[in-house]
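The block underneath contains the structure these notes are about, expressed in structure tokens.
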Amino acid sequence: MHRRTWSISVLAVMVAAMLVVAACGPAVEDVEDPPDDPEDPEDPEDPEEDEPEDPDDDRYGGEFIVGTYGDANYFMPPLTGDGYTYHTKYLIFDSLIRMDSNLEPQPLLAEDWEISDDELTFTFHLRDDVTWHDGEDFTAEDVWLTYQFIANPFSFSAKTDYLDALVGFQDLLDEVDEYDQQLEQDEIDDDEWTEQVEAAYDQWKDKDAIEIVDDYTIRFHLDYPSGSFLTISTEVGVVPEHILGGVDLTEEDLSETDYARDPVGTGPFEFVEWERGDHWILDAYDDHFAGRPYLDRVIFRVIPDETTRITELAVGNTHKAYTVPMAELDYLEQEDNVQVLEGPGLGWDMINFQLERHFWDELTVRQAVAHGFNKQAAVEAIYEGRRPVAHGPFNPAFDWAHNPDVHEYEYDPDRAMDRLEEAGFEQDNDGWYRDGESMDFTLRVGTGSTAIEMCELFQYDMGEMGVDVEIEPLEEAAWLDAIFDADFEMMHFGWTGLADPDGYIYTTHHSSGIGGRNCMMYENERVDELLDNARMTTDLDERAEYYHEMQEIVAEEIPKIYLSYYYNYHPIAAGLEGLETNPTKHAAVFWSLQDAYWAE
């Protein structure tokens with residue numbers, strides 16, 4: 001189970017059609033500044049504290065207001081958060097390294113690093129001038145704790161697979177899987193499961209796969225060469241040991257801690273307040289090691305209504321609409337108040353089968369659905385030709401790994417109905433039935449308007465062949481729970497992608513991802529073998545061969561219907577300079593907000 005080292009060439013980014021995943025809702029009143037605390041000499045509103053490093057630099061000052069379509073969930077980098085808070089985490093937290101817009105690793109909390117000749121040891125030399133937003137010093141203890149949170153089986157982090165290459169870690173995961181099976185078969189009870197899993201984790205920690213060398217040096221020991229360890233595993237926001245060091249994950253959920261709702265980071269902006277359902281606010285951190293951001297404040301306003309969100313941007317009441325449907329881009333591009341930044345992405349969107357529900361374990365039935373859906377027309381209609389149709393998970397931005405010649409299920413309603421008959425279904429006036437069970441099903445989706453429109457086109461095509469599809473929109477928290485609990489018959493959503501395909505593609509298609517990102521419950525031994533082999537070599541050409549075959553198998557078996565490949569569009573207020581898009585980021589421009597400023 002393995003990842004690729006950064007001794008190989010960096011991924012080339014290709015332009016491949018345009019992204020916008022949209023949403024909806026009512027206007028929110030302008031956010032008022034939080035009240036000053038007259039007894040607090042460190043209050044961020046104190047004008048003496050807000051003095052920029054260079055008072056003659058007129059780039060300092062102003063605020064950036066984001067209109068977002070949903071409320072935040074929690075702020076906890078070791079866990080997977082919701083789409084609304086991904087961008088916020090780039091501002092509050094720093095990681096060891098960060099991937100730039102060319103997909104090359106750049107120093108951040110780690111000012112330098114070394115990879116051993118056998119590619120099994122990564123040593124990071126940390127900055128010694130970093131402070132947390134509460135003034136405490138940053139050290140290697142913080143990095144160690146962050147990665148222990150990811151590794152700890154009791155955290156249930158979706159990022160656990162990032163650590164597969166660490167010494168002994170796969171053995172730990174296998175042992176935990178054994179205890180899980182024993183628990184399911186009532187061979188052990190909950191207390192025994194907790195005791196055994198805790199003991200297994202403690203034994204793994206004793207291996208010192210993550211080693212604190214000194215206060216400003218940390219070392220990761222690997223079982224095998226892993227090129228993607230640097231590109232994926234080291235870009236996780238670090239959390240403070242002095243606040244979270246006492247958390248017992250057998251007793252407390254990280255996402256339910258006070259810290260998850262009132263975070264302290266080392267990033268360029270510090271958390272100020274969060275009024276549920278209305279807004280959250282970040283202020284510039286004066287003592288950030290890379291220098292104070294130019295902007296004074298970033299405000300995220302919850303504006304669920306899509307029309308209101310777009311109008312607020314167009315008239316200048318907000319400075320970014322997150323997100324905007326493709327259909328509105330032409331309108332916004334004509335507005336003097338708006339600039340549209342663009343750049344390639346790495347992800348894809350899709351409609352997932354849950355292979356343990358309905359009739360989806362049968363390939364013939366999945367083929368019927370694939371032939372019955374005019375995917376090409378739907379993608380062109382929804383994204384107006386700004387995104388390419390997808391037939392697999394490898395975005396063309398991964399030009400070295402993307403296989404453009406995989407099988408495609410063409411739109412053919414007659415063949416679709418033939419497939420249903422082959423599967424034993426019979427059609428009457430009420431639809432398709434087999435042994436008294438209906439072919440009708442429910443499609444769950446988030447509240448984004450573009451996603452719902454895509455589902456409605458799918459619903460229409462299914463209806464044309466006599467299958468009734470009920471669309472069930474879910475609010476963000478319920479939607480995320482349903483995805484990671486695999487609680488659906490069919491689900492529409494997307495993955496953003498990471499700087500190496502070993503990230504999301506491995507965890508969404510390998511059987512070890514079941515219970516996490518592999519929410520379609522897909523298992524194929526050859527696919528597992530190919531993904532494992534691709535992890536275990538740093539040779540790019542060899543990896544590409546494994547990935548090409550994997551894509552061919554998945555395209556034939558269609559455990560999900562891939563819809564389109566992401567390309568990112570960002571409507572931003574005119575006059576804001578210094579932003580740069582990044583293909584690896586869910587909210588691609590936020591990673592450079594530290595350098596943004598208002599031009600005169």
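If we count every other residue with Cβ under 12 angstrom of R276's Cβ, Lys/Arg +1 and Asp/Glu -1, where does the sum land?
-3
Evaluate the charge dipole of region 77-132 about its Cα centre and quote only its size in Debye, nearest 20, assuming +1 on the Cβ of each Lys and Arg and -1 on the Cβ of each Asp and Glu.
440 debye
Where both partners of a DSSP beta bridge lie in the chain, what percent of those bridges are antiparallel, to the nearest 5?
Here the share of antiparallel DSSP bridges comes out near 75 percent.
Given a cut-off of under 8 Å on Cα pairs at least six residues apart, what relative contact order in percent is computed for the chain?
25 percent
If you build the Cα gyration tensor of region 440-487 and take the root of 5 times each eigenvalue, what three semi-axes come out, in whole angstrom, biggest first?
Ellipsoid semi-axes (Å, largest first): 21, 12, 6.
Going from most exposed to least, what order do E476, E195 have by accessible area with a 1.4 Å probe?
If we order E476, E195 from most to least accessible, we get E195, E476.
For the chain, what is the accessible area per residue in Å², given a 1.4 Å probe and the full set of protein chains?
I get 39 Å² per residue for this part.
Given the C-alpha centroids of region 126-165 and region 378-425, what is the distance between them in whole angstrom?
Using only Cα atoms, the two centres lie 40 Å from each other.
Report in % the part of the accessible area of region 259-391 that belongs to carbon and sulfur, leaving out ligands and nucleic acids; probe 1.4 Å.
Summing carbon and sulfur atoms, their accessible area is 39 percent of the total for region 259-391.
Largest first and to the nearest Å, give the Cα extent of region 272-312 along each principal axis.
Taking the Cα atoms of region 272-312, the three principal extents are 39, 21, 11 Å.
Can you give the Kirkwood hydrodynamic radius for region 331-446, in Å, rounded to one decimal and based on Cα pairs?
17.2 Å
Computing the accessible area with a 1.4 Å probe over protein heavy atoms, can you report the carbon and sulfur percentage for region 151-231?
Taking all protein chains in place, region 151-231 shows 37 percent carbon and sulfur surface.
List the residues of region 272-298 whose backbone N lies under 20 Å from a point placed 7 Å from the Cα of A478 along the Cα-to-Cβ direction.
276-278, by backbone N distance to the label point.
Grab the DSSP H runs of the chain that are 4 residues or longer, score each as -39,500 (n - 2.57), total them, divide by all residues and round the 222 nm result to the nearest 500 deg cm²/dmol.
It lands at -8500 deg cm²/dmol.
Would you kindly state how much longer the chain becomes between D253 and L363 on full extension, computed as 0.36 nm times their sequence separation minus their alpha carbon distance, in nm to one decimal?
The D253-L363 span can extend by a further 35.7 nm.
The values are calculated or read from the model by the stated rules, or taken from the named source; none is laboratory data. None of these values were measured; they are calculated from a predicted model. Cβ atoms come from the backbone with ideal geometry, glycine included; neighbour counts cover every protein chain shown. Note: accessible area is taken over every heavy atom of the protein model, side chains too, but ligands, DNA and RNA are not part of it. Shrake-Rupley method; radii C 1.70, N 1.55, O 1.52, S 1.80 Å.
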